[in-house]
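What follows is a set of notes on a single structure, which appears directly below.
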Amino acid sequence: MSMNSFGHLFRVTTWGESHGPALGATVDGCPPGVPLTAEMIQVWLDKRKPGQNKYTTQRREADEVRILSGVFEGKTTGTPIQLMIENTDQRSKDYGDIIEKFRPGHADITYWTKYGIRDYRGGGRSSARETAARVAAGGVAREAIKMLAPSLKIIGYMVQMGEHKTDTRDMDQIEQNPFWVPDADAASTWADYLDGLRKTGSSVGAMIEVIAQGAPAGLGAPVYAKLDTDLASAMMSINAVKGVEIGAGMQAAMLTGEANADEISMGPDGPVYSSNHAGGILGGISTGQDIVVRFAVKPTSSILTTRKTITKSGEDTEIITKGRHDPCVGIRAVPVGEAMMACVILDHLLLHRGQIGSNQGKIG
């Protein structure tokens with residue numbers, strides 16, 4: 001199986017399976033001299049790890065990261081950084097009933113069709129457990145961003161759960177509830193809603209928004225390395241993601257040219273935009289505004305309702321997926337989205353530095 005890597009200059013390869021002994025990431029291309037310790041990365045893994053409340057899977061994993069290479073005396077050396085996270089709470093017996101059956105909504109049937117072999121214990125590489133490695137790599141990226149663009153800040157939060165939406169952006173509320181939602185009223189409503197779904201063994205989808213504040217203008221390229229292209233690809237690669245938007249996204253189809261155009265005026269420190277329908281990216285290149293990405297996560301396919309399926313031998317049957325699963329996988333997708341944003345932004349900071357150095361076109 002190939003295609004386990006992403007990135008141009010800052011390149012990440014993830015490895016490991018859901019129920020294997022460990023998983024992790026090999027990070028290549030991180031600049032030397034970046035202060036880095038396991039504790040710095042652990043902060044972000046702790047946001048993602050399972051079993052923190054009743055709204056996520058009750059699998060108990062410490063998700064403790066170890067740095068095996070690429071760091072000396074607390075700083076990166078410029079060589080590959082090997083990160084490892086041990087699996088400690090596998091319950092493979094929960095999946096004994098699906099050895100011969102394909103779970104509807106899961107990658108079981110496509111993996112079997114393509115490779116002729118699949119790891120039925122939690123899905124192997126197709127499991128969302130793989131995203132722990134991405135979050136660890138994102139922790140490395142964040143520390144490098146601090147050195148190259150210290151004013152840049154990446155924030156992720158949930159803006160929709162099922163049919164329940166919020167337009168409020170009270171950033172102080174994000175860390176105050178288990179849903180990473182910037183709206184105290186929504187958090188209360190969503191808690192009751194998800195609790196009801198959880199008790200019935202069902203699940204629901206979600207929408208996550210990730211923004212990069214303070215990103216410099218000039219990141220990206222006009223054709224095949226567009227910043228929004230790479231961001232969309234990164235977000236779409238996250239397990240269970242079925243749609244990605246930049247800025248106004250799909251709503252742009254409903255706007256007129258007058259409404260969609262982000263008018264420009266000259267401010268004391270450079271260009272000022274009247275709005276941000278473009279999501280901080282024009283022609284594949286960042287404008288200096290907030291970079292805004294949203295992605296939709298489907299409902300967790302592992303539910304306790306009987307579903308029709310087939311066996312490997314082609315027989316019709318039924319299945320109930322047992323085990324420990326998230327009633328809304330979108331909750332733990334928030335730190336994953338932040339990590340992917342960090343990896344892509346750092347990658348483009350390095351590409352920009354290597355090709356251009358600093359912006360060439362001056363205004364004013």
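The values are calculated or read from the model by the stated rules, or taken from the named source; none is laboratory data. Model, not experiment: these values are computed from the prediction. As a convention, Cβ positions derive from the backbone with ideal geometry for all residues, glycine included, and neighbour counts pool all protein chains shown. When the accessible area is computed, the model is the full protein with side chains, heavy atoms only, and any ligands, DNA or RNA have been set aside. Shrake-Rupley method; radii C 1.70, N 1.55, O 1.52, S 1.80 Å.
What is the gain in length, in nm to one decimal, between residue 353 and residue 86 on full extension, counting 0.36 nm per residue of separation less the C-alpha to C-alpha distance?
92.6 nm
Using only the alpha carbons, work out the radius of gyration and Dmax of the chain in angstrom.
Rg, Dmax (Cα atoms, Å): 21.2, 71.
For a quick check, take a GNM of the chain with Cα springs below 10 Å and name the residue from 296, 149, 253 with the largest mean-square fluctuation.
253
Below 12 angstrom from the Cβ of residue 25, what's the summed charge of the other residues (Lys, Arg +1; Asp, Glu -1)?
Result for the neighbourhood of residue 25: +1.
Divide by every residue of the chain the summed helix terms, -39500 (n - 2.57) for each DSSP H run of at least 4, and state the resulting mean residue ellipticity at 222 nm, rounded to the nearest 500 deg cm²/dmol.
Computed mean residue ellipticity for the chain: -8000 deg cm²/dmol.
Output the 0 to 90 degree angle, nearest 10, between the alpha-carbon long axis of helix 330-355 and the longest principal axis computed from the alpha carbons of the chain.
For 330-355 against the chain, the angle is about 40 degrees.
Computed FRET efficiency, Cβ-Cβ of residue 115 and residue 75, R0 45 Å: what is it to the nearest 0.05?
The formula returns an efficiency of 0.65 here.
Give me the percent of the accessible area of the chain that comes from carbon and sulfur atoms, probe 1.4 Å, all protein chains in place.
Of all accessible area on the chain, carbon and sulfur atoms account for 53 percent.
Spelling out what I want: for every residue of the stretch 256-263, take phi, set θ = phi - 60°, compute 6.51 cos²θ - 1.76 cosθ + 1.60 (Karplus), and round to whole Hz; glycine and proline get x.
7, x, 5, 6, 7, 5, 8, 4
In the stretch 93-153, what GluC sites (Glu not before Pro) fall in a loop by DSSP, with at most 12 other Cβ atoms inside 10 Å?
100
Just to confirm my numbers, what's the Cα centroid distance between the stretch 184-209 and the stretch 243-315 in Å?
Centre-to-centre (Cα) distance: 22 Å.
What residues have an amide H closer than 5 Å to that of residue 309, excluding those fewer than 5 places away on the same chain, when H is modeled at 1.01 Å from N in the peptide plane?
317, 318, 319
Average projected area of the Cα convex hull of the stretch 155-242, in nm²?
Computed as one quarter of the Cα hull surface, the answer is 7.2 nm².
Quick one: what are the phi-derived ³J(HN,Hα) couplings along the stretch 177-186, Karplus 6.51/-1.76/1.60 with θ = phi - 60°, whole Hz, x for glycine and proline?
Couplings: 8, x, 9, 6, 9, x, 7, 5, 5, 5 Hz.
What FRET efficiency comes out for residue 62 versus residue 275 if R0 is 51 angstrom and r is the Cβ-Cβ distance? Round to the nearest 0.05.
0.70
Under a cut-off of 19 Å between alpha-carbon atoms, report the aspartates and glutamates in cross-link reach of residue 242, not counting same-chain residues fewer than 8 places apart.
108, 130, 163, 209, 228, 230, 326, 338
For the stretch 5-356, calculate the relative contact order in percent as a whole number, restricting contacts to Cα pairs under 8 Å that are 6 or more residues apart.
Over the stretch 5-356, the number comes to 23 percent.
On average, how much accessible surface per residue is there in the stretch 5-356, in Å², for a 1.4 Å probe, leaving out ligands, DNA and RNA?
Counting only protein heavy atoms, the per-residue value for the stretch 5-356 is 45 Å².
What nm value, rounded to one decimal, do you get for the distance between residue 261 and residue 165 when each label is placed 7 Å out toward the C-beta?
2.7
In whole Hz, with x marking every Gly and Pro, tabulate ³J(HN,Hα) for the stretch 39-48 from phi via Karplus 6.51 cos²θ - 1.76 cosθ + 1.60, θ = phi - 60°.
My calculation for the stretch 39-48 gives 5, 5, 6, 4, 3, 7, 5, 5, 5, 9 Hz in order.
Can you pull out the GluC sites (Glu not before Pro) in the stretch 216-263 whose DSSP state is coil and whose Cβ has at most 13 other Cβ atoms within 10 Å?
Qualifying residues, ordered by number: 263.
Taking amide H atoms as placed 1.01 Å from N in the peptide plane, list the residues 5 or more away in sequence, or in a different chain, whose amide H sits under 5 Å from that of residue 36.
Those qualifying (amide H under 5 Å, at least 5 residues apart or on another chain) are 75, 76.
Enumerate the amide H contacts of residue 22 below 5 Å, restricted to partners 5 or more residues apart or on another chain; note that Pro and chain-start residues carry no placed amide H.
Distant-sequence amide H within range of residue 22: 17, 87.
Of 83, 351, which has the most accessible area with a 1.4 Å probe, and how do the rest follow in descending order?
So, going from the largest accessible area down, we get 351, 83.
Return the loop-located chymotrypsin sites (Phe, Trp or Tyr not before Pro) in the stretch 224-296 (DSSP other than H, G, I, E, B) with at most 10 other Cβ atoms within 10 Å of their own Cβ; answer none if there are none.
For chymotrypsin sites (Phe, Trp or Tyr not before Pro) across the stretch 224-296 that sit outside H, G, I, E and B with at most 10 neighbouring Cβ atoms in 10 Å, the list reads 224.
Would you mind computing, in nm to one decimal, how far apart the modelled labels at residue 153 and residue 316 are, each placed 7 Å from Cα along Cα→Cβ?
In this crude label model, residue 153 to residue 316 measures out at 5.7 nm.
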